[in-house]
Amino acid sequence: SCRPRLMSTPTSAAARRVGRTSLTRILSEIPRDLAATVVAAIHTGEPRSRRAAALLAEQTALQVSDAEEGSELLQGHVYLAPAGTHLVVRDNQRLGFDEGPELRSVRPAADRLFISAARVLRQRVIGVVLTGHGRDGTAGLTEIHKWGGVGVVQSPGEAQATQMPIHAIQDDDPDYIA
């Protein structure tokens, strides 16, 4: 089952702005003692703002903050990628920023986050692709699978915007569609 693997696993999530609702719904159901870290790349198109972290923190028992360069992957904590900056997992298993070019027309890109997490944390990663437009997250899920991690994709029937989930399902073979 997915639950035992989640207990010691950093989890990465990707969504477009409309995905905040999906992410909030998921995180509102997770208990404070989650033995995992959640790192999320949400494509907002908005300038850097701490408002998203504050709004999400009101809806979950988990600790929520904007990621910072060097943030430690703490259990029971949610880190949000800052707008306009790729978030990556560094070799020292801490978060870092990458000011590189947009990937698939977005920054932060889930693909950049997922690929870095997979290469560093290997089978301990669960990648989650939620509602959104475009293909971001698909290549990252493939990399997560390559390193033995788990891929989860929101059911297109549940998504507000179906492109990201559909592409992830078509181009990768997710372990779970929920």
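The values are calculated or read from the model by the stated rules, or taken from the named source; none is laboratory data. The structure displayed is predicted, hence computed values, not measured ones. FYI the Cβ positions are ideal-geometry reconstructions off the backbone, even for glycines, and counts take in every protein chain you see. Surface accessibility is based on the protein's heavy atoms, side chains included, excluding ligands, DNA and RNA. Shrake-Rupley method; radii C 1.70, N 1.55, O 1.52, S 1.80 Å.
Among what's in the range 56-70 and is small (Gly, Ala, Ser) and under 14 Å from Arg94 (Cα atoms), pick the residue that is least open to solvent (accessible area, probe 1.4 Å).
Ala67
Residues are listed down the side, and each one gets a yes or a no for (1) in contact (Cβ under 8 Å) with a residue 40 or more places away in the chain; (2) more than 27 Å from Ala57 (Cα to Cα):
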{"site": "Val89", "(1), (2)": "yes, no"}
{"site": "Gln93", "(1), (2)": "no, no"}
{"site": "Leu121", "(1), (2)": "yes, no"}
{"site": "Arg124", "(1), (2)": "yes, no"}
{"site": "Val152", "(1), (2)": "yes, no"}
{"site": "Met164", "(1), (2)": "yes, no"}
{"site": "Asp171", "(1), (2)": "no, yes"}
{"site": "Asp175", "(1), (2)": "yes, yes"}
{"site": "Ala178", "(1), (2)": "no, no"}
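Sort out which residues of the range 123-173 are among the hydrophobic types (A, V, I, L, M, F, W, C) and over 15 Å from Leu113 (Cβ atoms), and write them in order of number.
Those that are among the hydrophobic types (A, V, I, L, M, F, W, C) and over 15 Å from Leu113 (Cβ atoms): Val150, Val153, Ala159, Ala161, Ile166, Ile169.
When residues of the range 51-70 are filtered for being in a loop (DSSP other than H, G, I, E, B) and within 14 Å of Thr37 (Cα to Cα), how many remain?
Step one: filter the range 51-70 for residues in a loop (DSSP other than H, G, I, E, B), giving 58-62, 67-70.
The next check asks that each one be within 14 Å of Thr37 (Cα to Cα); those that pass are 60-62, 67.
The qualifying residues number 4.
Would you point out the residue of the range 1-54, among those that are hydroxyl-bearing (Ser, Thr, Tyr) and loosely packed, with under 11 Cβ neighbours inside 10 Å, that is modelled with the highest pLDDT?
So the residue we want is Ser8.
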